[in-house]
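Structure, as structure tokens:
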Amino acid sequence: MKRLFPASVVFAIVIGIWYLASTVFVDEGLRFLLPTPDAVVRTAFLNQSNLEELLAGLALSARVALTGLVLATVIGLVWAIVMSQARWLEHSLYPYAVMLQTVPILALVPLIGYWFGFGFSSRVLTCVLIALFPIVANTLFGLRSVDPALRDLFALHGAGRLTLLVKLQLPAALPAILTGLRISAGAAVIGAVVGDFFFQQGQAGIGNLIYIYPRRLQSEMLFGAVILASLLGLAVFWLFGFVARLATGWHESQLNPQPTGGTK
Amino acid sequence: MLTIEDLRLQYPNGTLAIDSISLHLKAGEFVAVVGPSGCGKSTLLRAAAGLLQPTSGTISRKTDDVGFVFQDPTLLPWRSVLRNVELVAELRGVSKADRRGMALAALEKVGLAEVAKHKPRTLSGGMRMRVSLARTLATQPSLMLFDEPFSAVDELTRGRLCDDLMALFAAEHFAGLLVTHSIAEAVYLGGRVLVMSGRPGRLLGEIEVPLDYPRKPSIRFDPAFAELTSRVYALLEGS
């Protein structure tokens, strides 16, 4: 409750400013530029058929984002694990991970369209490309940050690479991996919306709707679609934050309880 | 149990850490190595464990059953205390049932059986160090190497942990090699104290500690103890 209160106050302020701006500063004839919050709610969320259209688009985009995120997670983990095995592998493969992050996705869109069509597959691929780097970078950082003394302990008792990876590196890297996953989850939602803009074959995702509504001057629906897309991003960010708290309760970034005893 | 002959160890960056050190550790003997910070004590111990390869010289161990206690407790924070103590046995392929028994017995020895299910972060620094000791003791190694194991805890806890180690040494009869920068700790625990110079580490001399085991904590206030620490200090100062 304590954590919800400040966010609720900010929410109320934002709605108030929005209301003020659309009623005071925008001429009634130009109201489509900034519809009032209540008009958005009435048109986008309280009208059954409009809401169904938006939710269907949101469901498709969520499916695209989730598929892309799962693929990006698998590829990113394997990529980082391979790079963590030797410096020469890292030097060989890391520049390509950086390139994926830095190349403008718009430059790849025509190629993705040629190779994978203009439907679901290409939307998913866009998500993968956008979501991959945070997982690769964070996982590699986590795997590389293991306490050297613990590495020595494992080496002293004859642990091989697989044992070291499974029993030490991956558990130790889990907080970093989950941080990467949290960033990637938000990026995957952006990827799904961006993908919708360019790959418009098949059922419309929330990005398609965001593309279409302004062309029909359906501002209330546009705002509704943007709000839902933002809520999807928030929901996945919170979900992975929750998962991180569950999975890494032992980590310093989580609880900070008092010791159970003295020095004895 | 452990023989080091004419050990010389140079790091890839050219730093000469150890220059010509020889030592012999017999079964059931406890030897302490004392020296200033950066003299290569930890390097010596890591080489003795086989974690570093000598540039020249030889290291021979009569056993592969080597226990190593690090400066920090080096526990896995995601595992319970019990599963941390099982770790060494687990890495050596001991069955789950057997290693559980070994771990519980080791925790009994260090007086921490009641916190077996706790996570390490809920324990104090001294308790974590005891868990680390238990992990090393669980497989009952015949050679134990201690790398300034109590340097991360406060003075009072450090003294208590030394007393615990003394009791464990008396009960378990392992051969122990301890490196430390504490002269009192070296004299209290060691049957012999080897004194190292600053970098590159060389042996300046060796002082016999003719005090019977098990030594009581009160021996620290004995005039003979004070005389021995003075001799070690004088040798170190001479360096």
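The values are calculated or read from the model by the stated rules, or taken from the named source; none is laboratory data. This one's a predicted model, so the numbers in the text were calculated from it and none came from an experiment. Positions of Cβ are backbone-derived with ideal geometry, glycine not excepted, and every protein chain shown enters the neighbour counts.
Computed quantities for the displayed model
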item: Elements of type helices (runs of 4 or more DSSP H) contained in region A:153-239, each with 3 or more residues being under 20 Å from residue A:63 (Cα atoms); result: A:170-198, A:206-212
item: Residue match in region A:65-86 (condition: more than 25 Å from the chain's Cα centre (by Cα) and either farther than 30 Å from residue A:132 by Cα or outside any helix (DSSP H, G or I) (or both)); result: yes
item: Options B:148, B:208; residue that is crowded, with 20+ Cβ neighbours inside 10 Å and charged (D, E, K, R); result: B:148
item: Some residue of region B:63-76 being more than 9 Å from chain A (Cβ to nearest Cβ), without any contact (Cβ under 8 Å) to a residue 24 or more places away in the chain and under 19 Å from residue A:149 (Cβ atoms); result: no
item: Residue B:120 within 16 Å of the chain's Cα centre (by Cα) and not β-branched (Val, Ile, Thr); result: no
item: Some residue of region A:178-201 being buried (at least 20 other Cβ atoms within 10 Å of the Cβ) and within 14 Å of another protein chain (Cβ to nearest Cβ); result: yes
item: Residues located in region A:65-96, provided they are free of Cβ contacts under 8 Å to residues at least 24 places away in the same chain and among the small types (Gly, Ala, Ser); result: A:86, A:92
item: Residues of region A:136-152 that turn out to be in a helix (DSSP H, G or I) and within 12 Å of chain B (Cβ to nearest Cβ), as a count; result: 5
item: Selection within region B:150-166 - more than 10 Å from every other protein chain (Cβ to nearest Cβ) and either under 24 Å from residue B:60 (Cβ atoms) or over 10 Å from the mean Cα position of the chain (by Cα) (or both); result: B:151, B:152, B:155, B:159, B:162, B:163, B:166
item: Number of the condition not met by residue A:107 [criteria: (1) at pLDDT 90 or above; (2) over 20 Å from residue A:65 (Cα atoms)]; result: (1)
item: Which listed residue, of B:163, B:212, is among the acidic types (Asp, Glu) and touching a helix residue (DSSP H, G or I) at 6+ places or on another chain (Cβ under 8 Å); result: B:163
item: Count of region B:26-62 residues which are away from every other protein chain (no Cβ under 14 Å) and farther than 22 Å from residue B:186 by Cβ; result: 7
item: Those residues of region B:86-135 which are over 26 Å from residue B:158 (Cα atoms), free of Cβ contacts under 8 Å to residues at least 12 places away in the same chain, more than 7 Å from chain A (Cβ to nearest Cβ) and among the hydrophobic types (A, V, I, L, M, F, W, C), in sequence order; result: B:97
